[in-house]
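Q: I'd like to ask you about the structure that follows.
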Amino acid sequence: MKILQLRFKNLNSLAGEWLIDFTDPAFAAEGIFSITGPTGAGKSSILDAICLALYGRTPRLGRVTKSSNEIMSRQSGECFAEVTFATVAGRYRCHWSQHRSRRSPGGELQQPKQELVRADSGEVLESKLREVEEAVIELTGMDFERFTRSVLLAQGGFAAFLQATADSRAPILEQITGTDIYSRISIRTHEMQREQREQLKLLQARLGGVRLLSTEQEQELLQALEQERSSERTLVEQVTTLETSVRWQEQIRQLQLQQTQLEQGRQQLATQQQEFEPERARLALALQAAELEPDLARLQAARRALETATAAHEQEQARLPQLTETVRTAQHLLEQQATVLEQARQQQVMQAPELRRVRVLDQELRQHAEQLALAVQGRDVLVQKLAGLHQARQENDDLQQKNAQQQSGLQVFFQQNAADEWLVTGLAGVEQQLVQLEQLQNRLQDARQHEQQAQERLQALASQLEQQRVRWRQDQQAVEQATATLSNTQEQLAAVLAGRQLEDYETEQRHLWDKRELLARIESLEAQRDSLHDGKPCPLCGATRHPYAHGQVPRLDGLGEQIRAIEEQIKQVRMLQEQCRQHERRLQSLREQFAGTEKTGLELSTREAGYREQLSSLGDECQKQLQTLAAFREQIGGVLEPLGVLPGEATRSGQLLEQLRIRRDRWQQQMAQARLLQQQQQGFEAETSRLQALIGLQQDSLQQQEQQLQASQQQQEVLQQQRLALFGQRDPDAQERLLQEAAVSAEQAHQQQAQQLKEQEQLLARLQERIAGLERQCKTGQADLAVAQDRLASQLTAHGFVSEQALQEALLPAETRQHLQLRARQLDTDETALRARLDDLEDRLATEQARELTTRTMEEVQAELQLAQEQLQQLRNRMAALTHQLQENEQARAGQVQLLEQLALQQEECRRLDNLHALIGSADGKKFRNFAQGLTFELMVAHANRTLQQMSDRYLLVRDSSEPLELNVLDNYQAGEIRSTKNLSGGESFIVSLALALGLSRMASQNVRVDSLFLDEGFGTLDEEALDVALDTLAGLQQDGKLIGVISHVQALKERIATQIRVRPLNGGRSRIEGPGCSRLEETGPD
């Protein structure tokens, strides 16, 4: 990745829009350049602009959001940063911007915007904040942290790494190189091993709870189930036969009921047809009359047409005399209007010459009046100007005196506040230091807050752990109680079974049922036993011996009591078995709950240990922040002491900074006011001379204007006398308008009268034409009426109607006629359908009766069917119970096999994780982290030594053999003596830190090529020789195609680095950039 161009606007002290082109030949020729300027001038803001454009955040301020933007220049409403960079994939331009509402300095911050485009084509790749950052990471291969470790390097971070202890160096190395994943892997391995062990215990507990039937018990259940199935088939055949008989009898009953209903329907239909006969006759007569309806309609239309024409003829004939008289009156009025028009035109011609002479005089009077008014106005203006000049001279004298008093007051202010003059150029640096102080205070406050939060989390976790231990003891007691309850229930079940199985009792129960059924059958064959004789065969079984033939029949006495006793015992056994199953399920649930409680307790214990370690680390961090803050406060106190600021006031950086800004702004305002007052004093003196000259000129002009005004007034009076003598006070235009209006009015009246005459004549002609047409229409209507009457009379006789009145009475409305036709057709259709349904029903009834499936009544068949269905349901219930027992046993066997397979797999997984845990697993992640960081540390030392050898042949970095993360230096000038890095001088520490920085840059960039490198380093700790060595080493990186930028305010760099970007502070806390490739694209105001 290589930075090609940087463009930004309104960032910190660099107000306005700036462009830095890194492709300028000066940068390519040297390969190294410096960014120089005083402290607080804005050097680091250039690096902030690069980070802001690419990632929307800066190393010093973090991410810039809608709620926080500390980088935008003060008194500005917008800012942006844009970077053009190149990778192996091409050239790209990334633009970040943010503005306030209406781009006003006091407006509310708006949401930042970011966009990534191809620099060559302008194609927009991404335009949302998150998507742009992801695309930049993909193109450059670096996220923000890696970018700030491989492209932007700060000495302070690496010096901390160099001086860190071995215990704290691993987390720092993780943060710099991004290898913290090894700690997470170690912790995750420990958690996975514990979780899999808990899963193994759970599987073993579940396997111990599985209960299976013996082979003999399973065989007995299968035999009993087969016997029940044979009995079921017999009962199903019997039930099917009985159901068929019931359905047959029900079908016959339904057919007979339908036959009765159809006979009733036929009688109702006959009644309806008889009632409809009068309407049927009325319908027939209406159908005949409907054939003559068109002739009747034509006759009625002819009559109406003749009546209408006759009435209209009489009405128009009555209007004719009146309209004729109206036409004669209009002709007479038209002749009168012509005479009036001629008289008005003659009057206009007679008065025209006199009106022209009057207008000439009026024009001359108006011109003289205008000239007179202008003269008066000019005189008044001169008077006002002269008065204004006198007043202006007096005001100028007053202001001049007031200005002198203000200048005296400012001189007193400058003497009393001379120290504030330094703030004009030095406040920017103070502001930067106070911002850093506030950041340090915030970091300390955050560290203390994090420590307090960690303490609270630890206390809350301790409370949770104690509650979990109580819950664990409760769950353990519940498991023990459930185990004891299950054991008691199993002992009760064993006592009730008395060494036998439930199947033995059920077999004994079936034998007693069979015996009871046999004895009942023997008792029911009393009549057949009387006919038996010894030696003769039995007609049923063929036996020749008959032991029960002569009163020796076995009795049922006592057998019922035995059956009830065995049934009660079976019921009790089943109840106890169900209780055992319930207790086993509850015990299994409690064991799982106990395992979960134990797992949660272990997790809480692990978290407690982690929190305690985190709390210790946070305490150390608070102490370190406190020491840094104290040193920085002492440094700021030395700067602020000449300004009269007490040491304690530096802690209130925001309030103090505001006070200093007020003092600086007040000094600048007073200086500007002094310059302004001096300029005003010179202006007042010039104004006094100018006003005195203007007053003399205006007085001369006023005297000339008065003389011209008197001459114009005399000429105006002569013209007015001539006008009065000719036409008096009358207005010639008004007189001419009266004559013109009279002529126009007469002409309009003549035209209106002519138009009225024409309209009346047209109305008379149209009326005469309409009367003639109506007379022709009456003759035609009489002829049509005669023809229609003759035609209708002949049709009435042919269809049997005596008169037109009889025809009209026979006619029915079309809707009524259609309704009667539909009713007649419906009755005929119903009769045909009813007859067909009766014939079909009689055939079906005869067919069903011929089947004769049974001779018994329906009640007898239904009673026998209900008894058979009840027996079948009882049989199926017994079968379901047997099937359920077999299915439960099969499911338990399959579950046992599956659990055994899972147990074997889980044991193998536990062995694998135990081996992995022994290698890298630990609760705090140190085991694997220390091993991996040792390898990373060794690689980093190798990179750093290659760079260190280029800068000095004296030192080499070596790892401590006893402490893998301890760093020492080998001093070749001291016969290879190994020294601690803590004994190095400031310059030596910087050289080693620089070597570490470049080495870590190579590690952080991984496989990404970094062609631009910026160092924000403190070169002030180096002597001239060390400085030359460091710069030569950095310049040597040009051979790899790198462009190196060094940020420093050290004066010696100006002599050793030819290519420089200079940041110069200006008044008002602003700065400007100068150097090759640097230009300002927009001026925001005077410097």
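Q: Residues that are under 19 Å from R7 (Cα atoms) and in contact with a Leu (Cβ under 8 Å, 6 or more places away or on another chain), at least 3 per element: which strands (runs of 3 or more DSSP E) completely within the stretch 45-143 meet that?
A: On the way: elements: 78-87, 90-99, 113-118, 124-126.
In the stretch 45-143, 78-87, 90-99, 113-118 are the strands (runs of 3 or more DSSP E) which contain 3 or more residues that are under 19 Å from R7 (Cα atoms) and in contact with a Leu (Cβ under 8 Å, 6 or more places away or on another chain).
Q: Also, quick follow-up: Being in contact with a Lys or Arg (Cβ under 6 Å, 6 or more places away or on another chain) and closer than 30 Å to N1067 by Cβ is the filter; apply it to the stretch 80-119 and report the residue that is surrounded by the most Cβ atoms within 10 Å (Cβ to Cβ).
A: F80
Q: So which residues in the stretch 931-942 are buried (at least 18 other Cβ atoms within 10 Å of the Cβ) and not aromatic (F, W, Y), if there are any at all?
A: Initially, the stretch 931-942 is screened for residues buried (at least 18 other Cβ atoms within 10 Å of the Cβ), giving 932-933, 936-937, 940-941.
Residues satisfying the conditions are A932, Q933, T936, M940, V941.
Q: Then there is this: What number of residues in the stretch 919-951 are hydrophobic (A, V, I, L, M, F, W, C), farther than 19 Å from E963 by Cβ, modelled with pLDDT of 80 or more and part of a helix (DSSP H, G or I)?
A: Of the residues in the stretch 919-951, the ones hydrophobic (A, V, I, L, M, F, W, C) are 919-920, 923, 928, 931-932, 935, 937, 939-942, 944, 948, 951.
Okay, now just the ones that are also farther than 19 Å from E963 by Cβ, so 919-920, 923, 948, 951.
In the following step, the residues that additionally are modelled with pLDDT of 80 or more were identified as 919-920, 923.
Add one more test, that the residue is part of a helix (DSSP H, G or I), and what stays is 919-920.
The qualifying residues number 2.
Q: Is it the case that the stretch 291-312 has a residue that's at negative phi and touching a Phe, Trp or Tyr at 6+ places or on another chain (Cβ under 9 Å)?
A: yes
Q: Among I1044, I991, I1061, which is the only one that is of a type outside the set (F, W, Y), in a helix (DSSP H, G or I) and at pLDDT 75 or above? I'd like the intermediate steps shown before the answer.
A: Values: I1044 fails: in a helix (DSSP H, G or I); I1061 fails: in a helix (DSSP H, G or I).
Being of a type outside the set (F, W, Y), in a helix (DSSP H, G or I) and at pLDDT 75 or above holds for just one of I1044, I991, I1061, which is I991.
Q: Let me ask something additional. Out of everything in the stretch 658-689 that is surrounded by 14 or more Cβ atoms within 10 Å (Cβ to Cβ) and hydrophobic (A, V, I, L, M, F, W, C), what residue ends up being nearest to the chain's Cα centre (by Cα)?
A: Among those that are surrounded by 14 or more Cβ atoms within 10 Å (Cβ to Cβ) and hydrophobic (A, V, I, L, M, F, W, C), it is L660.
Q: Let me confirm something: among G56, G16, G31, which residue is surrounded by fewer than 23 Cβ atoms within 10 Å (Cβ to Cβ) and under 38 Å from the mean Cα position of the chain (by Cα)?
A: Numbers: G56 fails: surrounded by fewer than 23 Cβ atoms within 10 Å (Cβ to Cβ); G31 fails: under 38 Å from the mean Cα position of the chain (by Cα).
Going through G56, G16, G31 in turn, the sole match is G16.
Q: Can you go through L361, L365 and tell me which one is of a type in the set (A, V, I, L, M), part of a helix (DSSP H, G or I) and in contact with a Lys or Arg (Cβ under 6 Å, 6 or more places away or on another chain)? So that I can check it myself, show each step before the final result.
A: Numbers: L365 fails: in contact with a Lys or Arg (Cβ under 6 Å, 6 or more places away or on another chain).
None of the others qualify; the one that does is L361.
Q: Any residue at all in the stretch 442-453 that is within 29 Å of R661 (Cβ to Cβ), in a helix (DSSP H, G or I), at pLDDT below 80 and basic (K, R)?
A: Yes, some residue in the stretch 442-453 is within 29 Å of R661 (Cβ to Cβ), in a helix (DSSP H, G or I), at pLDDT below 80 and basic (K, R).
This table checks each residue for (1) among the acidic types (D, E); (2) surrounded by 12 or more Cβ atoms within 10 Å (Cβ to Cβ); (3) under 27 Å from E275 (Cβ atoms).
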residue	(1), (2), (3)
R776	no, no, no
T780	no, yes, no
D784	yes, yes, no
A806	no, yes, yes
A810	no, yes, yes
A814	no, no, yes
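Q: Return the pairs, sorted by first residue and then second, in which the second residue is of a type in the set (F, W, Y) and at pLDDT 80 or above, the first residue lies in the stretch 1045-1069 and is over 30 Å from L660 (Cβ atoms) and buried (at least 18 other Cβ atoms within 10 Å of the Cβ), the beta carbons are less than 6 Å apart, and the residues are 6+ apart or on different chains.
A: Within 6 Å, the pairs are G1045/F33; G1045/F1014; T1059/F33.
Q: Which one of these is out of contact with any helix residue (DSSP H, G or I) (no Cβ under 8 Å at 6 or more places or on another chain) and either part of a helix (DSSP H, G or I) or β-branched (V, I, T) (or both): E279, E275, E263? Explain how you work it out, then say what you get.
A: Details: E279 fails: out of contact with any helix residue (DSSP H, G or I) (no Cβ under 8 Å at 6 or more places or on another chain); E263 fails: out of contact with any helix residue (DSSP H, G or I) (no Cβ under 8 Å at 6 or more places or on another chain).
Exactly one residue qualifies, and that residue is E275.
Q: Report yes if A428 is part of a helix (DSSP H, G or I), modelled with pLDDT of 80 or more, of a type in the set (G, A, S) and at negative phi, otherwise no.
A: Working: part of a helix (DSSP H, G or I): yes; modelled with pLDDT of 80 or more: no; of a type in the set (G, A, S): yes; at negative phi: yes.
It is false that A428 is part of a helix (DSSP H, G or I), modelled with pLDDT of 80 or more, of a type in the set (G, A, S) and at negative phi.
Q: Filter the stretch 746-775 down to the residues that are of a type in the set (G, A, S) and in contact (Cβ under 8 Å) with a residue 24 or more places away in the chain, then identify the one that is nearest to R319 (Cα to Cα).
A: Going through the stretch 746-775, the residues of a type in the set (G, A, S) turn out to be 746, 749, 754, 765, 772-773.
Filter once more, keeping what is in contact (Cβ under 8 Å) with a residue 24 or more places away in the chain: 746, 749, 754.
Details: A746: 32, A749: 28, A754: 23 Å.
Restricting to residues being of a type in the set (G, A, S) and in contact (Cβ under 8 Å) with a residue 24 or more places away in the chain, the top hit is A754.
Q: Please state which of the following conditions L899 fails to meet, knowing it meets all the rest: (1) more than 51 Å from the chain's Cα centre (by Cα); (2) surrounded by 15 or more Cβ atoms within 10 Å (Cβ to Cβ).
A: So L899 meets the others, but not (1).
Q: Tally up the residues in the stretch 852-890 that are exposed (fewer than 13 other Cβ atoms within 10 Å of the Cβ) and closer than 19 Å to L257 by Cα, please.
A: 3
Q: Residue check, Q223 against (1) under 60 Å from the mean Cα position of the chain (by Cα); (2) part of a helix (DSSP H, G or I); (3) surrounded by fewer than 15 Cβ atoms within 10 Å (Cβ to Cβ), all met but one. Which one?
A: It is condition (1) that Q223 fails.
Q: If V64 satisfies all but one of (1) surrounded by fewer than 18 Cβ atoms within 10 Å (Cβ to Cβ); (2) under 24 Å from A41 (Cα atoms); (3) of a type in the set (A, V, I, L, M), what's the number of the condition it fails?
A: Looking at each condition in turn, V64 falls short on (1).
Q: Moving on. Please verify whether the stretch 453-461 includes one or more residues that are among the hydrophobic types (A, V, I, L, M, F, W, C) and under 30 Å from E578 (Cα atoms). Spell out how you get there, then give the answer.
A: Going residue by residue through the stretch 453-461, those that are among the hydrophobic types (A, V, I, L, M, F, W, C) are 454, 458, 460-461.
Keeping just the survivors that are under 30 Å from E578 (Cα atoms) gives none.
No, because not a single residue in the stretch 453-461 is among the hydrophobic types (A, V, I, L, M, F, W, C) and under 30 Å from E578 (Cα atoms).
Q: Answer yes or no: is there a residue in the stretch 646-657 that is in a helix (DSSP H, G or I), modelled with pLDDT under 80 and of a type in the set (K, R). Before the answer, list the steps.
A: Taking the stretch 646-657 and keeping what is in a helix (DSSP H, G or I), we get 647-651, 653-657.
Next, from what is left, pick out any that are modelled with pLDDT under 80: 647-651, 653-657.
Now restrict to residues that are of a type in the set (K, R): none.
No: the stretch 646-657 contains no residue that is in a helix (DSSP H, G or I), modelled with pLDDT under 80 and of a type in the set (K, R).
Q: Take the stretch 81-102 and flag every residue that is more than 27 Å from the chain's Cα centre (by Cα) and not hydroxyl-bearing (S, T, Y). Outline the logic, then answer.
A: Initially, the stretch 81-102 is screened for residues more than 27 Å from the chain's Cα centre (by Cα), giving 81-93.
Correct list: A81, E82, V83, F85, A86, V88, A89, G90, R91, R93.
Q: Say whether the condition of being farther than 30 Å from L792 by Cβ, of a type outside the set (F, W, Y) and either out of contact with any Leu (no Cβ under 6 Å at 6 or more places or on another chain) or at pLDDT 80 or above (or both) is met by at least one residue in the stretch 295-311.
A: Just the residues of the stretch 295-311 that are farther than 30 Å from L792 by Cβ, to begin with: none.
No.
Q: Now for a different question. Restricting attention to the stretch 789-820, which residues are acidic (D, E), under 11 Å from D295 (Cβ atoms) and free of Cβ contacts under 8 Å to residues at least 24 places away in the same chain? Walk me through how you get there before you give the answer.
A: Step one: list which residues in the stretch 789-820 are acidic (D, E), which gives 790, 804, 809, 815.
This time we only want the ones that are under 11 Å from D295 (Cβ atoms), so: 790, 804.
Within the stretch 789-820, just D790 meets the criteria.
Q: So, in the stretch 843-870, how many residues would count as being in contact with a helix residue (DSSP H, G or I) (Cβ under 7 Å, 6 or more places away or on another chain) and either assigned to a helix (DSSP H, G or I) or charged (D, E, K, R) (or both)? Write out each step before concluding.
A: Kept after step one, since they are in contact with a helix residue (DSSP H, G or I) (Cβ under 7 Å, 6 or more places away or on another chain), are these residues of the stretch 843-870: 844-845, 848-849, 851, 853-854, 858, 861-862, 864-865, 868-869.
Those left that are additionally either assigned to a helix (DSSP H, G or I) or charged (D, E, K, R) (or both): 844-845, 848-849, 851, 858, 861-862, 864-865, 868-869.
So the count comes out to 12.
The values are calculated or read from the model by the stated rules, or taken from the named source; none is laboratory data. Here the structure is a predicted model, which means the values were calculated and not measured. Heads up, the Cβs are rebuilt from the backbone with ideal geometry, glycines too, and the neighbour counts pull from every protein chain shown.
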